[in-house]
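The values are calculated or read from the model by the stated rules, or taken from the named source; none is laboratory data. Keep in mind that this is a model prediction, so the values were computed, not measured. Every residue, glycine among them, receives a Cβ derived from its backbone with ideal geometry; neighbour counts consider all protein chains shown. SASA here: full protein model, heavy atoms, side chains in, ligands and nucleic acids out. Shrake-Rupley method; radii C 1.70, N 1.55, O 1.52, S 1.80 Å.
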Amino acid sequence: MQTPSSARGLTLRRAAAYGHGMTSDKNPRTIDESGGGVSRERSVDFFRRLLPGGWLAIVVAAVVACESSSSRPEEATQDGATQADAVVLPKGATRAADRITAEGLRDDITELSSNRFEGRGPGSDGDRRARGWLAGRLSEIGFAPGAPDGTYEQPFPIVGVTASMPDRWSFRAPSGDAIDFAWWDEYIAASGVQQASVSVEDAEVVFVGYGIEAPEEDWDDFAGVDLRGKVLLMLNNDPNWSPDLFGGERRLYYGRWTYKYESAARQGAAGAIIIHTRASAGYPWGVVQTSWDGEQFELPAGDEARTKIHGWLTHDAASRLVALSGRDLADLERQARRREFSPIPLGVTTSFAFENRLSRTETANVIGVLPGRERPDEAVVYSAHHDHLGIGKADSEGGDRIYNGALDNAAGCAQALAVAEALAALPEPPRRSSVFVFVGAEEQGLLGSKHFTREPTFPTGRIAANVNFELGNIWGPTRDVAIFGQGKSTLEDRLAVLATRQGRRIGEETGPDQGWYYRSDQFSFARVGVPAIWFKSGADFIDQPADYGARVVDAWIDQHYHQPSDEIRDDWNLDGMVEDARLAFWLGASVAETPTAPRWRPGDEFADEREAALRALGE
């Protein structure tokens, strides 16, 4: 463990009184903070350039109020703006943000991604050491244990499944012609069930397009066809060729591999095979290989529907499989673009059998809390996953078998710890409690955040917001901020106002076709109704060409994502990560300080869940 910075070891500040239920956000209209801020002239210029004219007078006046406000930020209002309308920052928030530094981030990333933690595979010795290190850091910073048993850890059971897949997967046509595909190079598969022996005999392969059933889009790839016992061959992604379909270019949950396997299971299918392409997945075949090889972890099975096998085929292999039926994959892909599409039996069958080695162990979420000074029974929850892929297949260069996960996600944990230090450095805690949850087993399907949201330490209706940290910017500062799943909640309005403090603006969402919002832990919070956000630096890098951001991110994904080479390097520029962490601190602190709570946009896919969570409070 490295030497603590000067921000560490701060004393925990206890809560004073209990508050009442939360009300919903309006459009945020002011920034109020006593304790520092940007200059009046610079602020006016930012808002003039970045905000529509209707907001200009209100927000500029609010910044003026910020600089002339009384010692209590809630007393400062302007032009009739009430406290309920304001984006309020706690006293001292500007100075506290200075605790977040590149040196501190680098120290924590270096430590958590070191070989000492052996890649932090769920349930491993490295995982246990990493959890202990995170708990120690929370204690040093001044956060109290946040788990229900009074410790820093919320354990949960996981089942390890190591499948012994055959070297080749065979398919046979009615004519007797057959084709088989090689493990690793052409097919990857994992068990869909938690049992020792798995087999399927002569299951027919059926092409089901995108494998989507979405009544609100008037889209049903299954068309009422009985698919029980079949093996479903399906395209990755969701229909994205029209802005009127499934969010257009933006991938929805319907386009995620998790949805595909869940959807196949609801049809009673024996198995599901996703056709991989770099464009449709958002990552190369190598990521499929390393992510699905070796022991896979799940929460213990319940009574949910399951397929027996979760498979992937390269596009070339899938083309040859379809050709075995006398059809052309390109033609099937064209047919899948029609609303009137219905499943196409290929007349090809497959039999397979494999053995699973099962294990039962546990991992844990690491939780710390800074109680709020007035509403300690309400919370802002910050999340970052602490796990990675552990020890696995060696790379092709030096034989490195440790998947250190420096950017994914030691960097996210370091940002969260830095924000915790800034919160602990405030003269007094915000009104609401601040909870930090370092979740486990995210790489296995968001398991830790699923467990936390099923057994939350605060009722979900009393969690005002979730701010998630994943990956990060290691390439330098940007002029813009990118929000994944942009347009979902009023958290984004607050973020837009606060970003101007850094001279930044909300830019276009990066990689909307990758479905990032559904790939990290904020999704688990959103599914239970909590307004949740994940953002980071955008693509407009300072002093770099326009295509720089896309080039460096794509190169990192192709070369290092879920590979042993995801290690910290001397050439990482953490200036942008510092700005992102400071912005996340201001965002979370403003939600914790402001009486009103964020809300989903009307009609958002998670809005009904929020209403249900609030009704459950009986308020």
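For q = 0.19, 0.28, 0.29 Å⁻¹, what log10 I(q)/I(0) does the stretch 377-436 give under the Debye formula with an equal point scatterer on each alpha carbon and no solvent?
Rounded to two decimals, the profile gives -0.75, -1.11, -1.14.
Among 238, 328, 185, what's the order by accessible area (1.4 angstrom probe), most exposed first? Please list the in-between numbers first.
On the way: 238 0, 328 85, 185 105 Å².
Reading off the accessible areas and sorting them downward yields 185, 328, 238.
Could you work out how far helix 411-424 tilts from the main Cα principal axis of the chain, as a 0 to 90 degree angle to the nearest 10?
For helix 411-424, the angle is close to 20 degrees.
If you average 1/r over all unlike Cα pairs in the stretch 226-384 and invert the result, what Kirkwood radius do you get in angstrom?
Numbers: mean 1/r = 0.0531 Å⁻¹.
Every distinct Cα pair counted, the radius reaches 18.8 Å.
Give me the angle, in degrees from 0 to 90, between the Cα long axis of helix 125-141 and the longest principal axis of the Cα atoms of the chain, rounded to the nearest 10.
With both axes taken from Cα atoms, the answer is about 10 degrees.
At q = 0.12, 0.13, 0.14, 0.19 Å⁻¹, what is the base-10 log of I(q)/I(0) for the stretch 349-479 according to the Debye formula with one equal point scatterer per Cα and no solvent? Please give it to two decimals.
-0.61, -0.69, -0.76, -1.12
Relative to the first principal axis of the alpha-carbon coordinates of the chain, what is the inclination of helix 548-560, with its axis defined by its Cα atoms, in degrees from 0 to 90 and to the nearest 10?
50
So in the chain, what percent of DSSP beta bridges are antiparallel if you round to the nearest 5?
Counting only bridges with both partners in the chain, antiparallel ones make up about 55 percent.
Step by step: find N for the stretch 444-527, compute 2.2 N^0.38 Å, then divide the Cα radius of gyration by it. What's the final number?
1.21
HN-Hα J couplings of the stretch 510-517 from phi, Karplus 6.51/-1.76/1.60, θ = phi - 60°, integer Hz, Gly and Pro as x?
Along the stretch 510-517, the couplings run 8, x, x, 6, 8, x, 4, 4 Hz.
Roughly how many nanometres apart are two label points built 7 Å out from the Cα toward the Cβ at residue 95 and residue 323?
It is 7.1 nm.
To the nearest 0.05, how large is the calculated FRET efficiency for residue 164 and residue 454 if R₀ is 25 Å and r is the Cβ-Cβ distance? Spell out each step's value before the answer.
Working: r = 32 Å, r/R0 = 1.26.
Approximately 0.20, to the nearest 0.05.
Average projected area of the Cα convex hull of the stretch 260-303, in nm²?
Result: 4.2 nm².
How many angstrom separate the Cα center of the stretch 263-288 from the Cα center of the stretch 306-365?
Using only Cα atoms to place each centre, the spacing works out to 7 Å.
Using the heavy atoms of the protein chains alone and a 1.4 angstrom probe, what is the accessible area of the chain per residue in square angstrom?
37
Can you compute the FRET efficiency between residue 129 and residue 195 using 1/(1 + (r/R0)^6), with r the Cβ-Cβ distance and R0 = 30 Å? Round to the nearest 0.05.
For residue 129 and residue 195, the calculated efficiency is 0.40.
Any chance you could check the Cα centroid distance between the stretch 448-469 and the stretch 374-442 for me, in angstrom?
So the separation of the two Cα centres works out to 15 Å.
What's the carbon and sulfur percent of the chain's accessible surface, probe 1.4 angstrom, rounded to a whole number? Mind dumping the intermediate values first?
Values: 10770 of 22870 Å².
About 47 percent, which is the carbon plus sulfur part of the accessible surface.
Report, ordered by chain and residue number, the aspartates and glutamates lying within cross-link reach of residue 230, taken as a straight Cα distance under 19 Å and ignoring same-chain residues fewer than 8 apart.
Cα-Cα hits under 19 Å: 180, 201, 202, 204, 213, 220, 221, 262, 304.
Mind grabbing the base-10 log of I(q)/I(0) for the stretch 501-613 at q = 0.11, 0.12, 0.13 Å⁻¹? Debye formula, identical points on the C-alpha positions, no solvent, two decimal places.
Relative scattering, expressed as log10 I(q)/I(0), comes to -0.50, -0.59, -0.69.
Can you give the helix-only mean residue ellipticity at 222 nm for the chain, where every DSSP H stretch with n ≥ 4 adds -39500 (n - 2.57) and the sum goes over all residues, rounded to the nearest 500 deg cm²/dmol?
-8500 deg cm²/dmol
Taking a quarter of the surface of the convex hull around the Cα atoms of the stretch 527-590, what do you get in nm²?
Values: hull surface 26.5 nm².
Taking a quarter of the hull surface, the average projection is 6.6 nm².
Note the direction-averaged projected area, equal to a quarter of the hull surface, for the Cα convex hull of the stretch 194-254, in nm². Display every interim value, and only then the final one.
Values: hull surface 22.5 nm².
Taking the Cα atoms of the stretch 194-254, their convex hull projects to 5.6 nm² on average.
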